[in-house]
Amino acid sequence: MADRLSARDVIALVSAEFTEIAYPRTEFKPDGPLSWQGYDESRVRAAARTGEEESVVCGTAAIGDTSAVLIAFEFGFLGGSLGERTGDRLEAAYSHAREHRLPVVSLVATGGSRMQEGMLALTQLQRVARQSALTREAGLAQIAVLRDPTTGGGWATLGAGADVTLALPGAQVGFAGSRVRPPDADPAAYTAEAQLAAGAVDAVVRPEELRQRLALWLGLLTRPSAEAAPPPPALGTLDLPATGWDAVQRARSAQRPRAAAYLDAYFTRRVTISGDRCGGTDDGMLCGFGLAEDGRPLAYAAQCGTATRPAGYRTAARLIRLAGRLGIPVLTLVDTPGAANDAAAERQGAGAAIADLFAAVATARTPVTTLVIGEGGSGGALALAAPGNTWAAPDSYFSVIAPELAAAILKRPADQVRPTADQLHVRPQDLLGLGLIRGIAEDPKG
């Protein structure tokens, strides 16, 4: 069941220390800027019912070991709607965050823009979007928590526009509120869980876990570092393959350690981001942030051995750009037979998604370190690899094309696949000799 906590209650849920900031004061003529009859009375009733003077409460709070600007919506005040005074408060909160170099956490519960203020209310979305963009340019993290309901412009700015978007179970989330949707619309599509499945939300978090989860996220997103991530040690076979075909067979082995094993060994704690924000997810690409053994936060994007789908490439690009804005180094793990090449992948923009990831890696603002842990299949793998800082595990290979496909293109018989693998120089030691990788991962025991 989604929560309907008040603004003060949800603030208390995530922090025991909260100090409200000073707000500017916008004076209205009677019944507001449009002289909407009864508007003043509605506001008076809302204030009496909630104890608040507006639909948002803003201040600073300690969440775990991190100080943050906290924005909490009061849905009981005119449905948490945004008006001109709401915009004043939100602008003041974002300005305070930039002035004091603090991340922003928004606890959103809103029905949209306030009709009694007409277009003046709607244009507050532009105001909020600008403040969010300025805060992003300043390198400060923004986390949104979607409560029930989060609809309209609040979802399309504070919610969907955050760097990391969490949601409470069962919360109504969607641009269209329940009273303005088509009569045949499926209500299940407008939920936190549906938005997670569609790649618009990173995680659904239970209320009792929210404080701990926010503390972890803030700790990971607010500690920049200029030092590149060290490559993980090898977890599988340590001896090098004798032939190219041996390298291919080892990389394809079901017993070889996969991305999850490498991430679990490398990080003491980690969290995930999910989705490409374009309607897609890919379980074969794990992305998120974690604490390395030396205590440094790092970002990671890891292929899981499957053909990577367009949503996976877009999610990885999103991760790398976010890490760059926040000054966090990136670790990537390459393991894919190649990019998904079915008709659905083409319709989902496979080429554009791969191009976007190539661009994100090429222009990364923070160091990117890559380890090839399995199959390195063509451009679908290369897009995730760091130029000049790629390493390879002993049980991996990297190739311009799979040996079987190369033999087929060259019109060679099936018995020529193995020698073709040798000709392609796909082994880790071959890649090192060609200067394509910096080194081969070593035994974790030294």
- Query: Of the conditions (1) of a type outside the set (Asp, Glu); (2) modelled with pLDDT of 95 or more; (3) part of a helix (DSSP H, G or I), residue 435 fails just one. Which one is it?
  - Reply: (3)
- Note on the structure: Listed by first then second residue, the pairs whose first member lies in the range 68-87 and is in contact (Cβ under 8 Å) with a residue 24 or more places away in the chain, whose partner is aromatic (Phe, Trp, Tyr) and part of a helix (DSSP H, G or I), with beta carbons under 8 Å and at least 6 positions apart or on separate chains, are 69/94
- Query: In this structure, does residue 298 turn out to be crowded, with 24+ Cβ neighbours inside 10 Å, within 17 Å of the chain's Cα centre (by Cα) and assigned by TED's automatic domain parsing to the domain that holds residue 390?
  - Reply: yes
- Query: Right, residue 93: in a helix (DSSP H, G or I), within 26 Å of the chain's Cα centre (by Cα), among the aliphatic types (A, V, I, L, M) and under 27 Å from residue 171 (Cβ atoms) or not?
  - Reply: yes
- When the range 253-288 is examined, which residues are found to be in a helix (DSSP H, G or I), touching a residue at least 60 places away in the same chain (Cβ under 8 Å) and loosely packed, with under 15 Cβ neighbours inside 10 Å? 265
- Task: Can you tell me which residue within the range 104-127, out of those that are buried (at least 23 other Cβ atoms within 10 Å of the Cβ) and not small (Gly, Ala, Ser), is farthest from residue 71 (Cα to Cα)?
- Result: 117
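The rows are residues; the columns are (1) within 30 Å of residue 398 (Cα to Cα); (2) surrounded by fewer than 16 Cβ atoms within 10 Å (Cβ to Cβ); (3) among the hydrophobic types (A, V, I, L, M, F, W, C).
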{"residue": "185", "(1), (2), (3)": "no, yes, yes"}
{"residue": "188", "(1), (2), (3)": "no, yes, yes"}
{"residue": "192", "(1), (2), (3)": "no, no, yes"}
{"residue": "198", "(1), (2), (3)": "no, no, yes"}
{"residue": "208", "(1), (2), (3)": "no, yes, no"}
{"residue": "217", "(1), (2), (3)": "no, no, yes"}
{"residue": "220", "(1), (2), (3)": "no, no, yes"}
{"residue": "236", "(1), (2), (3)": "yes, no, no"}
{"residue": "246", "(1), (2), (3)": "yes, no, no"}
- Of 304, 278, the only residue that is under 19 Å from the mean Cα position of the chain (by Cα) and over 26 Å from residue 218 (Cα atoms) is 304
- Task: For residue 62, indicate whether it is at pLDDT 95 or above and assigned to a helix (DSSP H, G or I).
- Result: no
- Unmet criterion (only one of (1) touching a residue at least 60 places away in the same chain (Cβ under 8 Å); (2) assigned to a strand (DSSP E or B); (3) of a type outside the set (Asp, Glu); (4) under 21 Å from residue 380 (Cβ atoms)) for residue 305: (2)
- Task: Would you mind stating whether residue 48 is in a strand (DSSP E or B), over 30 Å from residue 327 (Cα atoms) and either touching an Asp or Glu at 6+ places or on another chain (Cβ under 6 Å) or in the same structural domain as residue 19 (by TED's automatic domain parsing) (or both)?
- Result: no
- If a residue has to be touching a Leu at 6+ places or on another chain (Cβ under 7 Å), part of a helix (DSSP H, G or I) and among the hydrophobic types (A, V, I, L, M, F, W, C) to count, how many in the range 157-205 make the cut? 1
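The values are calculated or read from the model by the stated rules, or taken from the named source; none is laboratory data. All figures in this text were calculated on a predicted structure; none of them were measured in a lab. In this analysis, Cβ positions are derived from the backbone assuming ideal geometry, glycine residues included, and neighbour counts consider all displayed protein chains.
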